[in-house]
1. When only residues in segment 46-61 that are under 19 Å from residue 283 (Cα atoms) and basic (Lys, Arg) count, which is surrounded by the most Cβ atoms within 10 Å (Cβ to Cβ)?
2. In the same structural domain as residue 228 (by TED's automatic domain parsing), part of a helix (DSSP H, G or I), in contact (Cβ under 8 Å) with a residue 40 or more places away in the chain and closer than 30 Å to residue 96 by Cβ - does that describe any residue in segment 344-364?
3. Scan segment 9-41 for residues that are free of Cβ contacts under 8 Å to residues at least 12 places away in the same chain and within 26 Å of residue 64 (Cα to Cα) and report the count.
4. Restricting attention to segment 229-258, which residues are of a type in the set (A, V, I, L, M) and either more than 19 Å from residue 213 (Cβ to Cβ) or modelled with pLDDT of 80 or more (or both)?
5. Given 336, 317, 329, which one is within 30 Å of residue 57 (Cα to Cα), modelled with pLDDT of 75 or more and of a type outside the set (Gly, Ala, Ser)?
6. Give the number of residues within segment 245-255 that are in contact with a helix residue (DSSP H, G or I) (Cβ under 7 Å, 6 or more places away or on another chain) and either over 21 Å from residue 422 (Cα atoms) or of a type in the set (Asp, Glu) (or both).
Amino acid sequence: MAGKLSKERSLEETPTWAVAIVCFVLVLISIIIEHVIHLIGKWLAKRHKRALFEAFEKIKSEVMLLGFISLLLTVGQTPISKICISKAVAATWHPCKKKQESKLSHDYDNSHRRLLLVSDPGESIRRVLASASDDKCAAKDKVAFVSAYGIHQLHIFIFVLAVFHVLYCIITLALSRTKMRKWKAWEMETRTTDYQFSNDPERFRFARDTSFGRRHLNFWSHCPFLLWIVCFFRQFVRSVPKVDYLTLRHGFIMAHLGPQSHVKFNFHEYIKRALEGDFKVVVGISPTIWFCAVLFLLSNTNGWKSYLWLPFIPLIIILLVGTKLQVIITKMGLRIQERGEVVKGTPLVQPGDDLFWFKQPRLILYLINFVLFQNAFQLAFLAWTLYEFGIKSCFHENSEDVIIRISMGVLIQILCSYMTLPLHALVTQVRNKLASC
């Protein structure tokens, strides 16, 4: 049997040139990555992108945290695998059914998870993957708390999570910038004579007859149920039309700068900087979010059918957030009408903290942060399980699982990055002072 199984050599039996080459390649790759990171940080600092630079530093710290977790797993692999628990406790909360586990165990023993054997100079045979701690637990009629091979798989998951964390940060900023790019044309339009003539500050009109009024002051605006229904669908089609952008721009300038700044002030650049500030919060991973990620791992238990409900939690949250932001804009329009039926010039919106949940505008940003990370975490978990166990594993007992998780992941990323986050920057920054700029 020993001849049929592959042998593994320790470093004392490995050529020094092989060890040196591996170390050289690892060091070279690390130096290149470190140099690229340094150049990116230097470029952001040179372009005076302070918020993006801080976000970049936060991403680095989060990746370093994941690396530290991986290091702790490496150091604690032996002590953890030596912890023994009873078979009754170990048989609970498994991701696979018992029949599936029996089949997987049989396939595992007949393929790549066989015990590797190594012959020492005395021709004695010793086990490599089946560690001494497993033998100790078996002698006590117990099993290891987490096997050494299981910890090795966790190493791979930490790496995949780090990659997905960086990817979702890049995609989030790219989609948000793409959405805001069309706002630049609207900003340039405010410099034209036609715009100044059509928005004559001395012109009197009924509030409901303005472009902003026709969009927001309707019969459904006064019914909370209909208001939420209409705003729910608005976030999918023209979530930020030109009339909303120009009206919110006017409200911000009148509140913080004065009417003489209408032509000179670049509101689009201000919102871009505001988005970068929001992005700095979005890329962070708070202890609460880490705790929710652990609960997500816990929920992948046989019988819970988590694939039918877990991916929809971030979707529901982001849809509620997008609808709430649309409701806030409409309520600002209702306040214009409450102040009087006739308006002078462009309708003047007056946002307030009371329009937000619990009077906490930052709560919406934290919800966006939660949704984005949980979405990236679920996609990373999906990619890891597909790589480690294949598409037919018990993690994906039904093909609908993979389809739902991928489709929800893509949909949530687009909704969050392309629609909700730019809209949040526009709505919340209108109420802020110019000092933040």
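The values are calculated or read from the model by the stated rules, or taken from the named source; none is laboratory data. Keep in mind it's a predicted model, so treat the numbers as computed, not measured. Backbone-built Cβ (ideal geometry, glycine too); neighbour counts: all protein chains shown.
1. Top of the filtered list is 58.
2. No, every residue in segment 344-364 fails to be in the same structural domain as residue 228 (by TED's automatic domain parsing), part of a helix (DSSP H, G or I), in contact (Cβ under 8 Å) with a residue 40 or more places away in the chain and closer than 30 Å to residue 96 by Cβ.
3. 20
4. 229, 230, 237, 240, 243, 246, 248, 253, 255, 257
5. 317
6. Qualifying residue count for the region: 0.
Conditions (1) outside any helix (DSSP H, G or I); (2) loosely packed, with under 10 Cβ neighbours inside 10 Å; (3) in the same structural domain as residue 270 (by TED's automatic domain parsing); (4) at pLDDT 80 or above, marked per residue:
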{"position": "5", "(1), (2), (3), (4)": "yes, no, no, no"}
{"position": "12", "(1), (2), (3), (4)": "no, yes, no, no"}
{"position": "21", "(1), (2), (3), (4)": "no, no, no, yes"}
{"position": "25", "(1), (2), (3), (4)": "no, no, no, yes"}
{"position": "29", "(1), (2), (3), (4)": "no, no, no, yes"}
{"position": "38", "(1), (2), (3), (4)": "no, no, no, no"}
{"position": "41", "(1), (2), (3), (4)": "no, no, no, no"}
{"position": "44", "(1), (2), (3), (4)": "no, no, no, no"}
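For (1) among the charged types (D, E, K, R); (2) within 19 Å of the chain's Cα centre (by Cα); (3) more than 25 Å from residue 169 (Cβ to Cβ), each residue gets a yes or a no:
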{"position": "349", "(1), (2), (3)": "no, no, yes"}
{"position": "355", "(1), (2), (3)": "no, no, yes"}
{"position": "366", "(1), (2), (3)": "no, yes, no"}
{"position": "374", "(1), (2), (3)": "no, yes, no"}
{"position": "382", "(1), (2), (3)": "no, yes, no"}
{"position": "397", "(1), (2), (3)": "yes, no, yes"}
{"position": "400", "(1), (2), (3)": "yes, no, yes"}
{"position": "412", "(1), (2), (3)": "no, yes, no"}
{"position": "423", "(1), (2), (3)": "no, yes, no"}
